Amino acid sequence: MNIIKATNENIQKIAELIYSEKSEFFDELFGNKAIDYISKALEEDIPPFIKQNMLLLTDGKEIKSVLLYATKAGFRHGYQKWFKLLGFKIIPVGSKMIYIIERILMDFSVDDLYIISLSGEMKEFLLYKFMKENRYKRIIVDTFKTSIFEKFGFQESKSVHPKMKRFSRISDYQTFTGIGWDTHPLVESRNLVIGGVDIESNMGLLGHSDADVLTHAIIDSIVGITHKKDIGVLFPENESNKDRRSIDMLEEVTKYVISSGFFPSSIDCVIISPIKLKDYREKITQNLENILNCQVSVKFKSGNNVYPESQNKGITAICISNIDKI
């Protein structure tokens, strides 16, 4: 997943996502042409629908989610462009225009930031990235869908719209650090998988699943600090987990912790292995980063004939994960 900025080429999809989150609100304002009005406002950067104030999450093919925000100045400056878009004359303004302007220009403090839209898949990740990279006194949102904001510590305050609830919180986060360790014996007649990558070898790791020792250590480092659990609790040695791909477990765990408001920010790993793995470093790293959405580093050690791993007895992985909590 990558975070990109908006362009005129992806306006239609953005407008549809923004509309989907507050369709009732936008229908009230614009009637059955709501998506058309939002699209036009985005094309012309009519406040608060300004493209540079937007984060988009994409899988490389299509936009999955959107976060649109505005400062107080972003609401107040340039709103007169709405007159032309909506086809109203400035004098007299008319009651409909006054109603629309009052609804669009929500009331909030100059030091605050307002989230206009947060919608789509993995919107929790977009909210985290935004809060980590921006420092405002307070973040405000008016919403029909309250669960995500309640889950992430937003507090309900006095609403300025009769049908939506207003939530706010201080823009801040905490960082925690977790450690994970795992080891598996090397045996013949098993495939060797490290970080979800198949390694060419005449020996593999023995375990109930695919015995991906690196991925197991990462999972333990994450769930230990976020949920006080370990991989054995989440994925017991039963029939459904037999020979299961550990990289699929990691993907499940990542979605699980993100939905709880925890976000991996960096992961550092050491692998002690008698099998040379350096040629696989880039592929392993990229594989893990694609799932974890953060920087991952992997170092390989031989054990220097001191550790049991040096005698082909097994492979050990140790990982430290930094996790942000919003």
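The values are calculated or read from the model by the stated rules, or taken from the named source; none is laboratory data. Bear in mind that the values here come from a model prediction, so they are computed numbers and not experimental data. Virtual Cβ from ideal backbone geometry, glycine too; neighbours counted across all protein chains shown. Just the protein is used for accessible areas: all its heavy atoms, side chains included, with ligands, DNA and RNA removed. Shrake-Rupley method; radii C 1.70, N 1.55, O 1.52, S 1.80 Å.
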Open item on the list: Compute the angle between helix 213-227 and the longest alpha-carbon principal axis of the chain, please, reported from 0 to 90 degrees and rounded to the nearest 10.
Closed with: 50 degrees
Task: C-alpha long axis of helix 246-259 to longest principal axis of the chain, angle in ° - done: 30 degrees
Task: Accessible area of the chain belonging to carbon and sulfur atoms, whole % at 1.4 Å probe - done: 49 percent
Task: Residue pairs, from the table Lys22/Lys158; Lys145/Lys325; Lys228/Lys325; Lys255/Lys278; Lys64/Lys129, whose Cα atoms sit over 25 Å apart - done: Lys255/Lys278
TODO: Multiply the residue separation of Lys137 and Ser302 by 0.36 nm, subtract the distance between their alpha-carbon atoms, and state the gained length in nm to one decimal.
DONE: 54.4 nm
- [ ] Once you have the Cα-Cα distance between Glu237 and Lys313, take 0.36 nm times their residue separation minus that, and quote the gain in nm to one decimal.
- [x] 25.1 nm
Task: Partnerless cysteines, meaning none of the other Cys C-beta atoms lie under 4.7 Å away, in the chain - done: Cys294
- [ ] Taking the chain as the reference, fit the longest principal axis to its C-alpha atoms, fit the long axis of helix 95-104 to the helix C-alpha atoms, and give the angle between the two in degrees, 0 to 90, nearest 10.
- [x] 20 degrees
Task: Net charge dipole size for the chain [Lys, Arg +1 and Asp, Glu -1 on Cβ; Debye, nearest 20] - done: 1280 debye
TODO: Pop out the Kirkwood hydrodynamic radius of the chain from its pairwise C-alpha distances, inverse of mean 1/r, in Å to one decimal.
DONE: 22.3 Å
Task: Dipole of the chain, positive direction: furthest Cα of Pro308, Thr226, Leu85, with charges on the beta-carbon - done: Leu85
Task: Listed residue pairs exceeding 20 Å between alpha carbons, taken from Lys81/Lys123; Lys40/Lys84; Lys5/Lys81; Lys13/Lys40; Lys81/Lys137 - done: Lys81/Lys123; Lys5/Lys81; Lys81/Lys137
Open item on the list: Give me the 1.4 Å probe accessible area per residue for the chain, excluding ligands and nucleic acids, in Å².
Closed with: 49 Å²
Task: Sequence-distant lysines (8 or more away, or on other chains) whose Cα lies within less than 16 Å of Lys313 - done: Lys276, Lys301
Open item on the list: What distance in nm lies between label points placed 7 Å from Cα along the C-beta direction at Glu16 and Arg244?
Closed with: 3.4 nm
